[in-house]
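Working notes for the structure below.
The values are calculated or read from the model by the stated rules, or taken from the named source; none is laboratory data. Nothing here was measured: the structure is a model prediction, and the numbers come from that model. Neighbour counts are summed over all protein chains in view; Cβ atoms, including those assigned to glycine, are modelled from backbone coordinates with ideal geometry.
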Amino acid sequence: MITSICKKSTQALNYFARKKGGKINKMKAIKLVFFADRYHLRKYGRPIVGDIYWAMKLGPVGSNLLNTAKLSTELLDLDCLNYAKSFLSNSGDSDKLLDLLSKKELDLNVFSQTDIEALEAVYNEFGDKDQFELADITHSYPEWFKHRKDLENGKKRVRMNYLDFFSNPKISKSHIFDISKDNLDLARDIYQENIEAEFALA
């Protein structure tokens, strides 16, 4: 069975690859999906993909997104791997397959209208920047910045908390995430209610 997170990870990466003419740097694609998750969470109370995010030296990385972008035969289950491979492939030199290629059109049916809104908004805001510029921007956000010292002290990664995504940076490097306090509080409440409901059903 192909999970929702597998489909959304694949199609979000595919979306940004198609936007760049069918080929995009993997790190850039992963950062753009992070921005789309951040946008949607702060505005609507849920991330698009619902990945587990880790703070790493070059910014947040979604674990499932990374495995999907790598088309990892070790870390993706067979159904997800086959699904991802039907839409994506890797390219680059033999040692470093740094680019992600789109093999066919998007399946937009995996997304809601607000998901698509977030993907579009993020591409319009950040699509012209390279992966290192995007990494630098992510370092200003509280959800990554709170782990900076741990990373500087040698930790390779630290798990991030979605609740920290609702905090505002001291200095904003983009106004795409600017939301009124009332709307931000409402989105946080929606997120927390959804988490509590998931625990109740578990």
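Assorted remarks:
- Selected residue (only one of Asp51, Asp79 is over 24 Å from Lys20 (Cβ atoms) and in contact (Cβ under 8 Å) with a residue 40 or more places away in the chain): Asp79
- Qualifying residues in the stretch 173-188 (those that are of a type in the set (Asp, Glu) and not in a loop (DSSP other than H, G, I, E, B)) - the one surrounded by the most Cβ atoms within 10 Å (Cβ to Cβ): Asp185
- Screening Ile137 against (1) in a helix (DSSP H, G or I); (2) farther than 19 Å from Lys20 by Cβ; (3) touching a Ser or Thr at 6+ places or on another chain (Cβ under 7 Å) leaves a single unmet condition, (2).
- Long-range neighbours under 6 Å by Cβ, at least six apart or interchain, first residue within 16 Å of Asn168 (Cα to Cα) within the stretch 130-154, second acidic (Asp, Glu): Pro142/Asp164; Glu143/Asp164
- Test: Arg157 is surrounded by 14 or more Cβ atoms within 10 Å (Cβ to Cβ), among the basic types (Lys, Arg) and at pLDDT 95 or above: yes
- Extreme residue, farthest from Gly62 (Cα to Cα), among residues of the stretch 120-133 that are buried (at least 17 other Cβ atoms within 10 Å of the Cβ) and touching a Lys or Arg at 6+ places or on another chain (Cβ under 7 Å): Tyr123
- Criterion (within 15 Å of the chain's Cα centre (by Cα) and either surrounded by fewer than 14 Cβ atoms within 10 Å (Cβ to Cβ) or at pLDDT 95 or above (or both)) met by exactly one of Asp107, Asp136, Asp150, Asp115: Asp115
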